[in-house]
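Down below is the structure, laid out as structure tokens.
The values are calculated or read from the model by the stated rules, or taken from the named source; none is laboratory data. As the structure is a prediction and not an experimental result, all values here were calculated from the model. Backbone-built Cβ (ideal geometry, glycine too); neighbour counts: all protein chains shown. Remember, those area values only see protein heavy atoms, side chains included, never the ligands or the DNA or RNA. Shrake-Rupley method; radii C 1.70, N 1.55, O 1.52, S 1.80 Å.
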Amino acid sequence: MSYQVLARKWRPRNFASLVGQEHVVRALTHALAERRLHHAYLFTGTRGVGKTTLARILAKALNCETGVTPEPCGVCTACVEIDSGRFVDLLEVDAATNTKVDEMRVLLENAVYAPTRGRFKVYVIDEVHMLSTSAFNAMLKTLEEPPEHIKFILATTDPQKIPVTVLSRCLQFNLKQMPPGAIAGHLERIAGEENVRAEAPALRLLAQAARGSMRDALSLLDQAIAFSAGDVSEAAVRGMLGTVDRGHLVDILAAIARGDGPAAIAAADAMESRSLSFDSALQELGTLLHRIALVQVAPAAVAPDEPDAGRIGELAAAIDPETVQLYYQIAVHGRADLPLAPDEYAGFTMALMRMLAFAPGPDAKQPTVLPGSARAAAPGGAGTARGQAPSPAAPARAPMAGAPAFDGDWPALVRSLRLTGLAKQLAERCELAAHAAGRFELKLPATSRHLAERAYVDKLKAALAERLGAAVAVTVVLGEVTGATVAALEESARRSRIEEAEATVHADAFVRDLVENFDATIDSIKPVR
């Protein structure tokens, strides 16, 4: 007897065995139980989530010899023939290969005839969005007012391409991508039924690789069984998929957290020696950083039995939340830049060196403070994480000889700083809220919140330290400003110059003569200084 692949062997035969689509199953079973049957259904969703399977189950529910029921018997002639794909009154059409209007007309001409064996003649049109505009127009009339014995079930992965006139005539159900947990649980049940030894971490890897598709997951399980000779272990699945052991990435992050560049690069070299995919490594690194951020914000969101849960907790305590966000952005952008790198190894290691280069130094303990962030301003102006004691501020160094002292004139100080770009805009739009002992608390309008990035604050802090000859601490908070900012003062001066220029022009005798005697008009006035 020939081998039957798992995706076909374990295809659901009834609503109860369908995984991950409870919202659709509930609506259809209620409709069948109450005999509220629509003439056209549209199932949408990505590949492998059960669109065609659901269509066949619905066809069995409509044609089961026990009557229209949400629980088809599965043993009558109609149910058996539908399962085997030879039921004469179930017509499955692949719209990807039958796109022309003539083919649709032939199909619809036969719709007027009564079903041969079943209660209803069911048309299942897969990938319906592939039909031509003329084919859609040809089916509109029949779709709107079909004979009593006709039911249409349309399936598509791209509902945006279906005309609105067709959508409005169908009951639409969106099938969701299945979560990895549900896929892994289903794979575990199937492995048990198949008497295949499978490790739970291996099944989780297969579930993640399936990207929400149960069919893809079953195909991968088939491949894993063949690859591992029936012993589906985590190591075998990683080797098959080319995925990176998270332990390598945890070691890399731990090395970066303690500033040990050689150890991080050595781990990358070990990954290269095993020919691991660095694209997958950056993807997994982003996932790992996401788990770390979750532990920092909502520890209960990460299951304690998750692999490396202990080490993830250690990293969450060792790396502050802002740095985790920075590392995440570097990993995401590093993956996007990977095709542009000389090779994958160079792209991956450059991302690691970027994390090392942009990691905050020992004096960078004052974070940018934004409302609603995971950090709040302490009374002394220092940023502290919720639930943690405030870090002691670094002592300010004594001013260098000849360095200017700050006299409280923030606009004058800003004009003397060597700043460019967005860091300069940050300084010009901030207002001094408080200053004491080398600490600057600045207030920034909420409309300019995009300037309160740590990189720009660090540049402003460096420029202030250079100008004043001493280490400074800078805290930026959002709030209303009174107008004592460089930007506001310059805008006020600009308006004054314009008003002065307008008054001068309107007072000029020659200009008045042109306006009064020649109907001249003044379009615009700009000051020349």
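Evaluated against (1) closer than 27 Å to THR447 by Cα; (2) at pLDDT 90 or above; (3) loosely packed, with under 14 Cβ neighbours inside 10 Å; (4) hydrophobic (A, V, I, L, M, F, W, C), VAL297 falls short on exactly one condition, (2). Which ones in the stretch 433-468 are in a loop (DSSP other than H, G, I, E, B), within 20 Å of THR420 (Cα to Cα) and open to solvent by less than 60 Å² (accessible area, probe 1.4 Å)? Answer for the stretch 433-468, where residues must be in a loop (DSSP other than H, G, I, E, B), within 20 Å of THR420 (Cα to Cα) and open to solvent by less than 60 Å² (accessible area, probe 1.4 Å): PRO445, ALA452.
Would you check if there is a residue in the stretch 23-33 being part of a loop (DSSP other than H, G, I, E, B) and under 23 Å from GLU127 (Cβ atoms)? There is no residue in the stretch 23-33 that is part of a loop (DSSP other than H, G, I, E, B) and under 23 Å from GLU127 (Cβ atoms). Inside the stretch 300-324, residues that are in contact (Cβ under 8 Å) with a residue 12 or more places away in the chain, open to solvent by 50 Å² or more (accessible area, probe 1.4 Å), assigned to a helix (DSSP H, G or I) and within 23 Å of GLN208 (Cα to Cα) make up a count of 1. Applying the criterion of being of a type in the set (A, V, I, L, M, F, W, C) and in a strand (DSSP E or B) to the residues of the stretch 471-487, the residue that is farthest from the chain's Cα centre (by Cα) is ALA473.
Condition check ((1) on the phi < 0 side of the Ramachandran plot; (2) of a type in the set (A, V, I, L, M, F, W, C); (3) at pLDDT below 85) across all residues:
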position	(1), (2), (3)
GLN4	yes, no, yes
TRP10	yes, yes, no
ASN14	yes, no, no
HIS23	yes, no, no
HIS30	yes, no, no
ARG35	no, no, no
HIS38	yes, no, no
GLY45	no, no, no
LYS51	yes, no, no
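Of the helices (runs of 4 or more DSSP H) entirely within the stretch 41-141, those holding at least 1 residues that are over 42 Å from the mean Cα position of the chain (by Cα) and surrounded by fewer than 18 Cβ atoms within 10 Å (Cβ to Cβ) occupy 77-84, 101-109.
Pull up the stretch 165-174, narrow it to residues that are in contact with a His (Cβ under 9 Å, 6 or more places away or on another chain) and hydrophobic (A, V, I, L, M, F, W, C), then point me to the one that is most open to solvent (accessible area, probe 1.4 Å). Among those that are in contact with a His (Cβ under 9 Å, 6 or more places away or on another chain) and hydrophobic (A, V, I, L, M, F, W, C), it is LEU171.
Figure legend. Inter-residue proximity from the stretch 114-126: first residues closer than 12 Å to ARG56 by Cα, second residues among the basic types (Lys, Arg), beta-carbon distance below 7 Å, spacing 6+ or different chains. Indicated pairs: VAL122/LYS151.
Just one residue in the set ILE225, ILE265, ILE252, ILE256 is touching a strand residue (DSSP E or B) at 6+ places or on another chain (Cβ under 8 Å) and either assigned to a helix (DSSP H, G or I) or touching a residue at least 24 places away in the same chain (Cβ under 8 Å) (or both); that residue is ILE225.
No other residue among THR475, THR482 is in contact (Cβ under 8 Å) with a residue 40 or more places away in the chain and exposed (fewer than 13 other Cβ atoms within 10 Å of the Cβ) apart from THR482.
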